[in-house]
Amino acid sequence: MEREMKIIMKKEVKIAVIGLGYVGLPLAIEFGKKYRVIGYDINLNRVQELERGEDHTLEADIIGMRQARDLFRTTGKVGLSFTNSIEELHDVNTYIVTVPTPIDTFNYPDLTPLLSASQTVGKTLQRGDVVIYESTVYPGCTEEDCVPVLEQESGLKFNQDFFCGYSPERINPGDKVHTLVKIKKITSGSTPEIADFIDQLYNSILENGTHRAPNIKVAETAKAVENSQRDINISFMNELALICDRVGIDTNDVIEAASTKWNFLRFSPGLVGGHCISVDPYYLSYKAKMLGYTPKVILSGRQVNNSIAKFVADKTIKLMIQKDKKIKDANVLILGVTFKENCPDCRNTKVVEIANELEDFGCKVDIYDPWVSPVTFHREFDREIITGVNPDKQYDAIVACVNHDQFRKFDFKRYKDQGCIIFDVKSSIDRSLVDGRL
């Protein structure tokens, strides 16, 4: 164990970050400023993109990435390089796994990417190495699912020949304030010594330090709880919006009034997509069911949030009918498809569900989002996205789903004057211009 503790003190750590998406790339860049880091991804196009110093996710510190890349090219010892070749990982002694952990069509955890990454690591794992997982998992997944794969592929024994840790990612796509180095990280290790090693490793790049969890299961559960709590809070506000719609009052007026109480927690209704908040609750509930308990609050919150896209579509149709709009072949424009403003991340977006519902009514739907690549969107959802709004085209309804900066200058009044129905999902448009909002 002394070897592991000495490595970090002497800055002899050689890190491989497995998976170079929204989580892995920022991590590889920061560690690459101080250590020898190899960024590994199975996607050759992604590797080539990063080698050129580009990043389509817009999450990377491009200047920092290029500096870390050039540092390695200059020194050959410290800095960052990228590869899709397993062969280049043989000299690594610390692995950080940051691959996606999605859910399947039945809302069960899909561990395929995680177990595949574990197989990759296992093929090059050596005695004394440390494997740190950052991917969202359910409690016990690291030791019960990933470790056996590492042992099988490497022929080594857990906590005897190699060691593991868990430090849940807290990347917030599009957030330029709560960046990787500015947030507090949870760390954990499979032994007290390895927990020290991992804690020191992360502290070497963080400004606000770490919280060291007593064991890996606690760290895993904490990650699932963070996003499940937010999901539940939003689901309550979404349920409030459904009630207020029936009462005939504005949800935001209610929230404004309730917010005058000192201990009121101010959340807003809305579409809940993305890779974390709409996924993590299912990981926690899956583990609970395995242990004989069926969660009630967590799953009911998911049910409410999953119903909002249909509510938005149905409400838009009702508003159109009230204004004597013909529904069949009506032109509807959807503004924004990402799961949050000012970022290109459209994973698990609920906006597509709104479009599907409107099309089921017979509407013709155009989707526009200046942040999203049409190629990426088509690959993800097998449907088209327009590259700009035709000013000469008349729309019967507009559904504003995402509050991108570009949409704040959108001429909603022009369309309103033409008799267009406007539904404001984010409650960000001048109230006098909208016909409905959450």
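Only one entry in Ile29, Ile15 is of a type in the set (A, V, I, L, M, F, W, C), outside any helix (DSSP H, G or I) and either modelled with pLDDT of 95 or more or touching a Lys or Arg at 6+ places or on another chain (Cβ under 6 Å) (or both), namely Ile15.
Scanning region 42-88 for residues that are in contact with a strand residue (DSSP E or B) (Cβ under 9 Å, 6 or more places away or on another chain), hydrophobic (A, V, I, L, M, F, W, C) and part of a helix (DSSP H, G or I) returns Val47, Leu50, Met65, Ala68, Leu71, Phe72, Ile86. When each of Asp324, Asp329 is tested for being at positive phi, open to solvent by 30 Å² or more (accessible area, probe 1.4 Å) and free of Cβ contacts under 8 Å to residues at least 12 places away in the same chain, the lone residue that passes is Asp324.
Taken over region 188-224, the residue count meeting the criterion of being farther than 15 Å from Cys164 by Cα and not polar (S, T, N, Q) is 8. If you go through region 173-186 one residue at a time, do you hit one that is touching a helix residue (DSSP H, G or I) at 6+ places or on another chain (Cβ under 7 Å), at pLDDT 95 or above and not small (Gly, Ala, Ser)? Scanning region 173-186, I find at least one residue that is touching a helix residue (DSSP H, G or I) at 6+ places or on another chain (Cβ under 7 Å), at pLDDT 95 or above and not small (Gly, Ala, Ser), so the answer is yes. Any residue at all in region 247-254 that is open to solvent by 30 Å² or more (accessible area, probe 1.4 Å), closer than 21 Å to Pro109 by Cα, not in a helix (DSSP H, G or I) and not charged (D, E, K, R)? There is no residue in region 247-254 that is open to solvent by 30 Å² or more (accessible area, probe 1.4 Å), closer than 21 Å to Pro109 by Cα, not in a helix (DSSP H, G or I) and not charged (D, E, K, R).
If the condition is being open to solvent by 90 Å² or more (accessible area, probe 1.4 Å), more than 23 Å from the chain's Cα centre (by Cα) and charged (D, E, K, R), then region 303-321 contributes only Lys318.
Taking (1) more than 24 Å from Ile103 (Cβ to Cβ); (2) of a type in the set (Gly, Ala, Ser); (3) touching a helix residue (DSSP H, G or I) at 6+ places or on another chain (Cβ under 7 Å) in turn, Gly140 satisfies each apart from (1). Among the residues making up region 374-418, those that are assigned to a loop (DSSP other than H, G, I, E, B) and open to solvent by 90 Å² or more (accessible area, probe 1.4 Å) are Asp382, Glu384, Thr387, Asp392, Gln394. When every residue of region 105-122 is checked against the conditions, none turns out to be polar (S, T, N, Q), crowded, with 21+ Cβ neighbours inside 10 Å, part of a loop (DSSP other than H, G, I, E, B) and at negative phi.
Quick check on region 348-362: of everything there that is touching a helix residue (DSSP H, G or I) at 6+ places or on another chain (Cβ under 8 Å) and either among the aromatic types (Phe, Trp, Tyr) or part of a loop (DSSP other than H, G, I, E, B) (or both), which residue is farthest from Lys176 (Cα to Cα)? The selected residue is Phe361. Residues in region 90-103 that are within 16 Å of the chain's Cα centre (by Cα) and assigned to a loop (DSSP other than H, G, I, E, B): Thr98, Val99, Pro100, Thr101, Pro102.
Among residues of region 331-343 being assigned to a loop (DSSP other than H, G, I, E, B) and either modelled with pLDDT of 95 or more or aliphatic (A, V, I, L, M) (or both), the one that is farthest from Gln418 (Cα to Cα) is Val337. Only one entry of Thr83, Thr74 meets the criterion of being β-branched (Val, Ile, Thr), out of contact with any helix residue (DSSP H, G or I) (no Cβ under 9 Å at 6 or more places or on another chain) and surrounded by fewer than 23 Cβ atoms within 10 Å (Cβ to Cβ), and that entry is Thr74.
Note on region 344-363: residues that are among the aliphatic types (A, V, I, L, M) and open to solvent by 10 Å² or more (accessible area, probe 1.4 Å) amount to 1. So in region 167-222, with the set limited to residues that are of a type in the set (D, E, K, R) and open to solvent by less than 20 Å² (accessible area, probe 1.4 Å), which one is nearest to Asp61 (Cα to Cα)? Among them, the one singled out is Glu169. If you go through region 301-330 and keep only what is assigned to a helix (DSSP H, G or I) and either closer than 12 Å to Leu438 by Cα or among the acidic types (Asp, Glu) (or both), you end up with Ile308, Ala309, Phe311, Val312, Ala313, Asp314, Lys315, Thr316. Criterion applied to Ser285, Ser300 was being open to solvent by 40 Å² or more (accessible area, probe 1.4 Å), modelled with pLDDT of 95 or more and of a type in the set (Ser, Thr, Tyr), and the one residue passing it is Ser300.
The values are calculated or read from the model by the stated rules, or taken from the named source; none is laboratory data. Quantities reported herein were computed from a predicted structural model and do not represent experimental measurements. A quick note on method: Cβ atoms are made from the backbone with ideal geometry, for glycine too, and the neighbour counts reach across all protein chains shown. Ligands, DNA and RNA are stripped out before the accessible areas are found, and what is left, the full protein with its side chains, is counted by its heavy atoms. Shrake-Rupley method; radii C 1.70, N 1.55, O 1.52, S 1.80 Å.
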